[in-house]
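For reference, the structure is listed below as structure tokens.
The values are calculated or read from the model by the stated rules, or taken from the named source; none is laboratory data. The structure presented is a predicted model; accordingly, all values stated were derived computationally and were not measured. Here the Cβ is made from the backbone with ideal geometry for all residues, glycine too, and neighbour counts use every protein chain on show.
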Amino acid sequence: MKCLIKIALPAFLLLFAGFCFSQTSPKTQTAPKSGPPAPAAAAKPAAKAEAVSPEDDEVIPPAEPNAVFPAVVARVNGKAILGRELEVVVRRELAPIGNPEWKNLREDYRGQLTYNLLSVLINAKLVYQKALASGYKVTDADVQAELQRITKTFKSDAEMNAALASQLMDRASLEKNLYQSLAISKYVDEAINKKVTVAPEEVAKYYTANPKDFQHPDLVKTSQILISAGESAEQDNLAKQRAEALLARIKKGEDFAKLARENSTDASASQGGDIGYSSKDGLDPEYAEAAFALPVGGVKMIKLPAGYLIIKVTEKKKEGLSTLEEVKEQLTDFLKNQKAQAEMTKLVNQLRDQAKIDVYIPYGQPLEP
């Protein structure tokens, strides 16, 4: 099922705009919760086909009549943070509780929400400016490749445009946000992530000191191929037939990972459909029932709201304690992310100390009470 979330940027910035889609099934639970996800792969600043930085041509659109915030809510070293940008992240934060009217929220909650999210936007702007100053540019090809990836998750342009509109965005603002997120990711990856190291002794020490983190229930490791549901009954029937044909090919011995890469519309396609380990209560009920009932190597097709899903069970683990060897890779990433987050916090604090930051709104006050 599709769900709008933030553009993939370092988690410690909380990211400020954009969207992508969750996978059909949850992430593995065999290791401690990971730190910030790894940003996009770094690349040297490109001198060819460079995209125009949103900072180069700043346009301040007027606030909409029903806007929560004024046109400009803050400036960071002279560059504007728009009220529309702040409202986008505010609305996203309020979506899980039913998008209540801003004026109906408690004043203290409005104030805290505004303070927290405006701080996120300010921090992101500071790191983005640092990325540009350090020579990390983004090409038009970079932006278009990411835009194409996002576009493919929709059934039509109309569906994508509607999803953008629901986020108070359009394609132009999406491209602007993609430029900024990619520039930040390149900078953070090169300036911080690649410089962080974790020694094997650190990994072993954490494992020994935190045994409860590595206890797990019964787990199943699966791969999947998703064929998206059709918009009409006829299209849905074609999707079902396609999924059934793929299932037959898999049962005849064709490579599951290859078929997943070529056919799956799920985000796991690039990994050959592999989604790792999951516990029973961490999966959709229909998925869990099928996965835990199948033997290792077994395959089955199920129907979910997102479409027709072919599941293959690749491994199972009984409840117990994961060994150090089993969690070493994930634990190393976790500890690296902790260190990277600490370095990022230090960087942001330094940038804030050196920056000229002007905030134009009293936290929590609506534009029209």
Please verify whether SER53 is modelled with pLDDT under 85, touching a Phe, Trp or Tyr at 6+ places or on another chain (Cβ under 8 Å) and under 30 Å from GLN338 (Cα atoms), treating the condition exactly as stated. no
Where in the range 100-177 are there helices (runs of 4 or more DSSP H), lying wholly inside it, with at least 3 residues that are at pLDDT below 90, under 19 Å from the mean Cα position of the chain (by Cα) and under 30 Å from ALA191 (Cβ atoms)? 140-151
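Residues are listed down the side, and each one gets a yes or a no for (1) under 29 Å from GLU319 (Cβ atoms); (2) in a helix (DSSP H, G or I); (3) free of Cβ contacts under 8 Å to residues at least 60 places away in the same chain:
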site: SER223; (1), (2), (3): yes, no, no
site: GLU231; (1), (2), (3): no, no, no
site: ALA245; (1), (2), (3): no, yes, yes
site: ALA260; (1), (2), (3): yes, yes, yes
site: ALA269; (1), (2), (3): no, yes, yes
Do you know which residues across the range 148-168 are among the hydrophobic types (A, V, I, L, M, F, W, C), loosely packed, with under 15 Cβ neighbours inside 10 Å and over 21 Å from GLY307 (Cβ atoms)? ALA165
Failed item in (1) surrounded by 15 or more Cβ atoms within 10 Å (Cβ to Cβ); (2) modelled with pLDDT under 95; (3) among the hydroxyl-bearing types (Ser, Thr, Tyr), with THR314 passing the rest: (2)
Name the single residue that is surrounded by the most Cβ atoms within 10 Å (Cβ to Cβ) among those in the range 289-311 being assigned to a helix (DSSP H, G or I) and touching a residue at least 24 places away in the same chain (Cβ under 8 Å). ALA291
Given the condition closer than 30 Å to ILE122 by Cβ, of a type in the set (Val, Ile, Thr) and in contact (Cβ under 8 Å) with a residue 12 or more places away in the chain, answer yes or no: does some residue in the range 336-346 qualify? yes
